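In what follows, a structure is listed as structure tokens, so that the remarks can point back to it.
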Amino acid sequence: MFKGLMSKLTGGGAQETDVATVAQELAAGTITVVDVRETDEWRDGHIRGAIHIPLGMLSDNLGKIDQTKPVVTVCRSGMRSLRGADILLGAGFEDVRSMAGGMNAWQSAHQPIKR
């Protein structure tokens, strides 16, 4: 909670992480991935095991996110996921990162997607 509060007070933004790190942590089961894209984008393909909460609905659905694990937010290119990560930090989540490059980077790295 302290990290989220400090981020909110100081205007600090969320940190980014790369595709390789997300893939490794996801395979190990040590993170929760939250996809903040719109429903049509989600249906076109998403990271297996991710939960889908569109950015505009994120604040109203915080209870759906496991706070016992670090959270990584994902979108198409990385911009919405940064905003989503900032929302989570502001809401008191302590360990939140955004995946740099979003699903574009995930697919470019030939990581699997679920349709």
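The values are calculated or read from the model by the stated rules, or taken from the named source; none is laboratory data. The model shown is predicted, which means the values in this text are computed figures rather than measured ones. Glycine also receives a Cβ, built like all others from the backbone with ideal geometry; neighbour counts cover every protein chain displayed.
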Of all residues in region 18-54, which are aliphatic (A, V, I, L, M), over 15 Å from residue 112 (Cα atoms) and touching a strand residue (DSSP E or B) at 6+ places or on another chain (Cβ under 9 Å)?
31, 34, 36, 51, 53
Listed residues 24, 67, 111; which is among the polar types (S, T, N, Q) and either crowded, with 18+ Cβ neighbours inside 10 Å or not in a loop (DSSP other than H, G, I, E, B) (or both)?
24
Looking at (1) assigned to a helix (DSSP H, G or I); (2) of a type outside the set (Gly, Ala, Ser); (3) surrounded by fewer than 19 Cβ atoms within 10 Å (Cβ to Cβ), find the lone condition where residue 86 falls short.
(3)
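One line per residue, one yes/no per condition, for (1) hydrophobic (A, V, I, L, M, F, W, C); (2) in contact with a helix residue (DSSP H, G or I) (Cβ under 9 Å, 6 or more places away or on another chain):
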| residue | (1), (2) |
| --- | --- |
| 36 | yes, yes |
| 42 | yes, no |
| 48 | no, yes |
| 55 | yes, yes |
| 72 | yes, yes |
| 77 | no, yes |
Note: among 89, 9, just one is on the phi < 0 side of the Ramachandran plot, among the hydrophobic types (A, V, I, L, M, F, W, C) and at pLDDT below 95, namely 9
